[in-house]
Amino acid sequence: MNSFGKLFRISVWGESHGLAVGVLIDGCPAGLKLKPDDFTLDMDRRRSGQKGTTSRTEKDIPQIISGIFAGKTTGAPINISFYNEDANSKPYTDIQSTPRPGHADFTAKTKFDSFNDYRGGGHFSGRITVGLVVAGVIAKKIIPTFNFKASLIEAGGLSSIEQAVDAAAADKNSIGGIVECKVTNVPIGLGEPFFDSTESLLSHALFSIPGVKAVEFGAGFEGAKMYGSNFNDCIIDSTGKTKTNNAGGINGGITNGNELVFRVAFRPTASIGKVQNTFNFDKQKMTQLELSGRHDTCFALRTPVIVEAVTAIVLADLNLQKQAFSTR
Ligand SMILES: Cc1cc2nc3c(=O)[nH]c(=O)nc-3n(C[C@H](O)[C@H](O)[C@H](O)COP(=O)(O)O)c2cc1C
């Protein structure tokens, strides 16, 4: 459904053109210092406005509805909301009859019997990720010694991201990109051997970000081409430090104390300015679609902070579980 996590549990809610979007967080420990300014840095990293991103500009001021009192978390559920103030629903009038190729318009309409809010992609919009970012800020406070760094390492297959974005925009087209995330100072022992392995939980959360098409840890797909003698990470000291990090910091589902490293592939934006073919469900025939809404040419530009946020959410939850079962 729309909730994730065991002890630190989040639910995201809202629609792109509804009144508001936000996150409900349950299980956050009491007593964490938290003020509205703490969200600013990460919220700004997600914000649109730079070249290649949508011209929709939302103020994104966090409305703290509950769970924080006198500058500290109370232990009660935290609800943080963001009003939608710059939505323009007009370009979406025909989207129910002529779904955008590659977006969720068709699956949403079919699964929810056309009751879905289709405006701006509704609950399938990238806008829903604001809730992830603020939950990530709180999660980072639960594990303050962990260091997170995610960055866009290529877009449209090029390391020159600006060049790739310019070329796509000039062609009324879109591109995807790859985000690499590294986390240092991760203790040994987070994660479980099987279904709750660190890779499983991270992948579950990462694939929930709209537009994610692949996740690889350490050497990832390249590892399948290597000999074991090259792939195996040789332990070089009593802390478990390894000479290489082809496993990406995880063995047997459990963090091994080395840097956690993985890459996430984002697809090209579905909504493009080019004329595309689609099916008209009202007229029961093929038709052409020319979109006029505001869209990110490369929404991957805005995702490194979202990747960091979901990573922090997963690791904070695993760390709370480790503390709760401290005999292991
Ligand atoms: C921050 C962010 C911004 C996004 N902006 C757009 C956009 O402007 N136009 C669009 O078609 N998709 C955008 N997306 C991607 C869609 O939300 C996503 O492709 C859609 O929900 C279908 O899901 P899928 O690609 O995972 O199948 C964005 C995603 C994120 C994370």
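Scanning the range 88-121 for residues that are crowded, with 19+ Cβ neighbours inside 10 Å, closer than 19 Å to GLN288 by Cα and free of Cβ contacts under 8 Å to residues at least 12 places away in the same chain returns no hits.
The set of residues from the range 241-254 being over 25 Å from the mean Cα position of the chain (by Cα), outside any strand (DSSP E or B) and either among the hydroxyl-bearing types (Ser, Thr, Tyr) or within 18 Å of GLU199 (Cβ to Cβ) (or both) comprises just one member, THR244. Among the residues of the range 197-216, just one is under 21 Å from GLY176 (Cβ atoms) and among the acidic types (Asp, Glu), namely GLU216. Among residues of the range 148-164 that are under 15 Å from GLU180 (Cβ atoms), those with a beta-carbon under 9 Å from a residue that is modelled with pLDDT under 95 and in a loop (DSSP other than H, G, I, E, B) at least six positions away or on a different chain give the pairs ALA155/GLY52; ILE161/GLY52.
For (1) buried (at least 22 other Cβ atoms within 10 Å of the Cβ); (2) not in a helix (DSSP H, G or I); (3) not aliphatic (A, V, I, L, M), each residue gets a yes or a no:
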{"residue": "ILE153", "(1), (2), (3)": "no, yes, no"}
{"residue": "ALA167", "(1), (2), (3)": "no, no, no"}
{"residue": "VAL179", "(1), (2), (3)": "yes, yes, no"}
{"residue": "HIS204", "(1), (2), (3)": "no, no, yes"}
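Looking only at residues in the range 279-295 that are under 12 Å from PRO101 (Cβ atoms) and surrounded by fewer than 17 Cβ atoms within 10 Å (Cβ to Cβ), the one that is farthest from the ligand (Cβ to nearest atom) is MET286. When the range 181-202 is filtered for residues that are of a type in the set (S, T, N, Q), part of a helix (DSSP H, G or I) and in contact with a strand residue (DSSP E or B) (Cβ under 9 Å, 6 or more places away or on another chain), only THR198 remains.
Restricted to the range 1-119, the set of strands (runs of 3 or more DSSP E) holding at least 2 residues that are within 16 Å of the ligand (Cβ to nearest atom) and touching a strand residue (DSSP E or B) at 6+ places or on another chain (Cβ under 8 Å) comprises 9-14, 20-26.
The values are calculated or read from the model by the stated rules, or taken from the named source; none is laboratory data. None of the values given here were measured: they were computed from a predicted structure. In this analysis, Cβ positions are derived from the backbone assuming ideal geometry, glycine residues included, and neighbour counts consider all displayed protein chains.
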